[in-house]
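Presented below is the structure to which this report refers.
The values are calculated or read from the model by the stated rules, or taken from the named source; none is laboratory data. Being a predicted model, the structure only gives us computed values, none of them experimental. Neighbour counts run over all protein chains shown; Cβ positions are idealised from the backbone, glycine included. All accessible areas refer to the heavy atoms of the entire protein, side chains included, with ligands and DNA or RNA removed. Shrake-Rupley method; radii C 1.70, N 1.55, O 1.52, S 1.80 Å.
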Amino acid sequence: MVPRSPPSGTSVSRRSGSRGHPADPAAGLPGNQVAELCGQRRGDCPPPVSSFVSVGAMKLNKRSVAHYALSDSPADHTGFLRIWGGPGTPTTPSGTGRRCWFVLKGNLLFSFESPEGRAPLSLVVLEGCTVELAEAPIPEEFAFTIRFDAPGVRPHLLAADGQAAQEAWVKALSRASFGYMRLVVRELEGQLQEARQSLASHRCATRKAIASRYSAGHCPGRGFCVSKKPSCAWSSAASSWYCQAESEEEAGRQSGPLGKVSCFFGPQSWALGFAVPCDKSYSPGWVPIKVFLLRSHWGTLPGPLSSPSRTLIAALPSSCAKCFSI
Amino acid sequence: MRYNEKELRALSRQPAELAAELGMRGPKKGSVAKRRLVKLVVNFLFYFRTDEAEPLGALLLERCRVAQEEPGGFSISFVEDPERKYHFECCSQEQCEQWTEALRRASYEYMRRSLIFYRNEIQKMTGKDPLEQFGISEETRFQLSSLPRDGQSARVSSRLDELD
């Protein structure tokens with residue numbers, strides 16, 4: 001699909017000179033309200049007419065957006081591209097276009113004067129678009145287009161320096177949408193859940209002998225570890241106990257999706273053992289227990305079961321302790 | 001900095017993750033709360049006058065901080081200027097919690113972290129890279145090295161105020 005005419009750059013209703021819109025929706029000055037109503041800048045606004053419908057410049061938190069563009073969050077793709085229709089270029093694809101440095105971050109495509117540019121020249125939000133290799137009669141080599149579903153929007157024409165770059169850009173841009181990322185996240189979320197379920201049922205089956213010693217019911221209580229290393233929260237499920245990470249250090253450098261306590265359990269963030277009451281005193285409402293570790297995320301521990309390295313002092317809420325006949 | 005406003009307006013018409021009428025107050029000192037229709041679409045928060053179809057504005061939600069504010073409200077601020085807050089008033093604590101949760105998860109960077117986390121966990125549990133079957137395991141956006149190093153910002157321009 002070939003664009004019929006080259007892009008004219010950004011939406012035509014805005015002049016590049018119209019700046020000065022603080023991202024403040026509640027600026028209460030009368031002049032500002034009038035300006036918003038009739039959609040023009042302060043100062044050149046005719047008297048408001050109630051039936052007059054015009055669209056004012058949409059505000060955007062540009063400063064934060066630019067900060068994001070310049071921040072060291074890694075870019076998904078970068079490189080030089082030639083563009084037509086930006087400032088200082090004719091609107092027909094004559095000449096070689098303007099060469100800019102492009103940075104793709106998430107679903108946002110920024111352009112800069114150069115890799116050292118200190119302020120982005122432009123932003124293209126990549127939602128609801130299709131990216132395709134440009135075909136004849138576009139005479140440009142290695143060109144591609146970004147076409148939007150939105151009505152009345154002209155496609156953006158860009159060209160790379162070579163075929164590999166062209167293909168890499170088309171690939172990167174066509175997968176830049178939020179929706180695509182969300183799809184993959186949901187898919188993996190489902191897969192993780194399945195993996196956990198199959199792991200849990202596997203464990204239940206093999207640990208039955210040990211678990212049956214303590215009449216465990218399903219007790220989703222939480223306890224916590226007193227002698228840490230690392231500190232963790234205990235909870236019990238089915239006939240085994242699982243330790244859930246409560247801190248980022250425990251879980252490793254990556255925190256869970258919610259940035260707080262999550263179910264990090266897997267081979268590297270769980271501990272398995274059986275508990276007996278112990279004589280340490282703890283806070284009211286808590287039952288101190290000594291756990292004999294069979295296995296844990298910090299490795300299979302050597303030594304006899306009763307040795308200090310194989311035991312852990314923890315505390316369960318009293319309600320949970322009942323489930324475990326402690 | 002120019003941006004594709006038309007496309008962003010079209011985005012504001014897409015199905016929203018969350019939409020509600022909330023009180024909204026800008027970050028400028030002395031600004032007054034106004035009723036706005038607030039709509040969360042992908043990583044943008046659009047706000048409209050309650051009787052208008054075209055958005056007044058949008059906030060990109062990357063590198064933002066969402067905090068609950070007493071009573072029954074929340075604020076959004078951005079990493080580079082945490083004192084500059086957009087305030088929102090909810091009609092109930094539940095609504096407030098619903099919005100803060102949704103907004104915290106609304107950024108592309110949050111999704112990227114989630115994805116990398118899930119990928120890692122699945123790999124540890126099953127020994128297999130879940131992205132391989134889709135043929136996307138080499139994509140830059142899914143690599144561990146794609147996580148931003150918080151607390152550092154490079155080349156932030158003092159000319160940001162003169163964006164156009």
Quick one: grab Rg to one decimal and Dmax as a whole number for chain B, Cα atoms only, in Å. 18.4, 57
Just B:E17, B:E109, B:E94 to compare: in a GNM of chain B, with alpha carbon springs under 10 Å, which one fluctuates most? B:E94
Give the interface area between chains A and B as buried accessible surface, both sides summed, probe 1.4 Å, in Å² to the nearest 100. 8300
Given pairs A:K62/B:K85; B:K6/B:K29; A:K62/B:K28 and cut-off 24 Å on Cα-Cα distance, the over-length ones are B:K6/B:K29
Among B:E139, B:E121, B:E21, which one shows the biggest mean-square fluctuation in a GNM of chain B, springs joining Cα atoms closer than 10 Å? B:E139
For B:77-83, what's the mean count of beta carbons from other chains sitting within 10 Å of each residue's beta carbon? 3
For segment B:1-147: accessible area per residue (Å², 1.4 Å): 43
Given the rule -39500 (n - 2.57) for each run of at least 4 DSSP H residues, summed and divided by the residues of chain B, what is its mean residue ellipticity at 222 nm, to the nearest 500 deg cm²/dmol? -7500 deg cm²/dmol
What's the average, rounded to a whole number, of partner chain beta-carbon atoms within 10 Å of each residue's beta-carbon in B:122-133? 4
Averaged over the residues of B:28-37, the number of partner chain Cβ atoms within 10 Å of each residue's own Cβ comes to 3
Pull up all non-local amide H partners of A:F80: gap of 5 or more, or a different chain, and H-to-H distance under 5 Å with H placed in the peptide plane. A:F102
Against the empirical 2.2 N^0.38 Å scaling, what ratio does the C-alpha Rg of segment A:106-193 come to? 1.27
